[in-house]
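Below is one structure; the comments refer to it alone.
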Number of protein chains: 2
Amino acid sequence: MPELTLVPQPLTRERFAPYGDVVETSGDRSNVMNDLRFERFHDLCKIDFDKGGRPCISIARCKSASALPYRIDIVERHPLGSQAFVPLTPFQMMVVVAPPLASVEASDLVAFVTNGRQGINYHRGTWHMPLIAFEEGQQFLIVDYTGDEANCDVHSLDEVVTLLEA
Amino acid sequence: MPELTLVPQPLTRERFAPYGDVVETSGDRSNVMNDLRFERFHDLCKIDFDKGGRPCISIARCKSASALPYRIDIVERHPLGSQAFVPLTPFQMMVVVAPPLASVEASDLVAFVTNGRQGINYHRGTWHMPLIAFEEGQQFLIVDYTGDEANCDVHSLDEVVTLLEA
């Protein structure tokens, strides 16, 4: 069986556009608030949710750290809403995604690494590797959909993919 | 004119309940996800928004640090939606609030200090001091309402309030 490897590229808003949004303090959406005491980087991603549910805020805390090289044999998607992850301390995230199409193959996957401050927002239906972190205790703020209907499709890849160092 | 001072008390979910939610990793809403690699603290606050708009994610960065004692002469409220602030690095926040009633006086205000990890979510209509931070560059993730209608009422207090050290 052929071996597929992925080397993450630095995350930018442009590169990530087919998959979702980058949550970051880039200059182009800034305005001031509170008598100039703060700069507000406004409306950085698309919160999207099916009307059968609602958006919610949660925190994920890493209990078991992952390491590179990392084997990916499944991907998942959320058909009912977007899903944002923002690190609650500065640390780099690895993100592996494929476009929000009906089907996905290992060769569709691309990998990104964040700059330590960036968060990401998967658009509804974007295929992605389940969340990993490289240190126990690292926390992410999550903004995603909650409701009564099942909202996670898991797909076993046709080939195992190995995620390498950037 | 009498002088009003406020000494912040440690923020807890119970104490803050009349005003909003605490966004934190307390034990009672935890479940595991992603093959036990993460603990998820689920649905920590009420995202509430008028149907004329939608919720959005933004980042606020402190340009001008405040210091204690701090004078408060106005409060504000957002009639169309909730507003969450979560620190993007560990730092303590000071929060001054009054219940979401039609009117507010200086004597209605109470002050809280976070433990450095906690975020908060003001319920729709909760009166609060405008955001302050004590170090330039500190960042908050914001989840609040965006739309075309005006969503900030500002009220000048009948007495100036001085916020003291905890």
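Looking only at other chains, what is the average number of their beta-carbon atoms within 10 angstrom of each beta-carbon in A:49-58?
Per-residue shielding by partner chains comes out at 5.
Scan around B:LEU44 for amide H atoms under 5 Å from its own, H built in the peptide plane at 1.01 Å from N, and keep only partners 5 or more places away or cross-chain.
Amide H neighbours of B:LEU44, under 5 Å, 5+ apart: A:ILE57, A:SER58.
On each of the three principal axes of the Cα atoms of the range B:29-110, give max minus min coordinate, whole Å, ordered largest first.
51, 35, 24
Probe 1.4 Å, all protein chains in place: accessible area of B:ARG77 in Å², nearest 10?
50
Pick from A:MET33, A:MET94, A:MET129 the residue whose mean-square fluctuation is largest in a GNM of chain A, springs joining Cα atoms under 10 Å.
Checking each option, the largest mean-square fluctuation is seen for A:MET33.
What number results when the radius of gyration of the range B:4-163, computed over Cα atoms, is divided by 2.2 N^0.38 Å?
After normalising by residue count via 2.2 N^0.38 Å, the value is 1.06.
Given label points at 7 Å from Cα along Cα→Cβ, what nm distances, shortest first, separate A:VAL32 from the same residue in every other copy?
5.1
What's the magnitude of the charge dipole for the protein assembly as shown around its Cα centre, counting Lys and Arg as +1 and Asp and Glu as -1 at the beta-carbon? Answer in Debye, nearest 20.
180
Using each residue's phi in the range B:94-109, evaluate 6.51 cos²θ - 1.76 cosθ + 1.60 at θ = phi - 60° and report the 3J(HN,Hα) Karplus result to the nearest Hz, with x for Gly and Pro.
Residue by residue, the range B:94-109 yields 9, 10, 10, 9, 9, x, x, 9, 5, 10, 8, 10, 4, 6, 7, 6 Hz.
Between A:ASP108 and A:THR162, 0.36 nm times their residue separation minus their Cα-Cα distance comes to what?
Extra length available between A:ASP108 and A:THR162 comes to 18.1 nm.
Taking the Cα centre of chain A as origin and charging only Cβ (+1 Lys, Arg; -1 Asp, Glu), how large is the dipole, in debye to the nearest 20?
540
How many angstrom lie between the C-alpha centres of the range B:32-108 and the range B:115-166?
6
What is the percent carbon and sulfur in the accessible area of the protein assembly as shown, measuring with a 1.4 Å probe over the protein chains and ignoring ligands?
Answer for the protein assembly as shown is 48 percent, counting heavy atoms of protein chains only.
For B:LYS63, give me every one of the lysines with a C-alpha distance below 28 angstrom, ignoring sequence neighbours fewer than eight places off in its own chain.
The qualifying lysines are A:LYS46.
Can you work out ³J(HN,Hα) from phi for every residue in the range B:38-47, in order, using Karplus 6.51 cos²θ - 1.76 cosθ + 1.60 and θ = phi - 60°, giving whole Hz and x for Gly and Pro?
Per-residue couplings from phi come out as 9, 9, 10, 9, 9, 6, 7, 7, 9, 7 Hz.
Pick out which of A:GLY20, A:GLY119, A:GLY52 has the largest mean-square fluctuation in a Gaussian network model of chain A, springs linking Cα atoms closer than 10 Å.
A:GLY52
Amide H neighbours of B:VAL23 under 5 Å, at least 5 residues apart or on other chains, H built in the peptide plane: list them.
Answer set, sorted by chain and number: B:GLY119, B:ILE120, B:ASN121.
Normalising by the residue count of the range A:25-166, find the relative contact order in percent from Cα pairs under 8 Å and 6+ residues apart.
So the answer I get is 38 percent.
On the full set of protein chains, 1.4 Å probe, figure out the accessible area of B:LYS46 and give it in Å² to the nearest 10.
Counting only protein heavy atoms, B:LYS46 exposes about 120 Å² to solvent.
Using modelled amide H (1.01 Å from N, peptide plane; none on Pro or chain starts), what sits under 5 Å from the amide H of A:GLU159, excluding residues fewer than 5 places away?
HN-HN under 5 Å from A:GLU159: A:ALA106.
The values are calculated or read from the model by the stated rules, or taken from the named source; none is laboratory data. What you are looking at is a predicted structure, and each value in this text was computed from that prediction instead of being measured. Here the Cβ is made from the backbone with ideal geometry for all residues, glycine too, and neighbour counts use every protein chain on show. Each accessible area value is taken on the protein alone, full model and side chains, heavy atoms only, with ligands, DNA and RNA left out. Shrake-Rupley method; radii C 1.70, N 1.55, O 1.52, S 1.80 Å.
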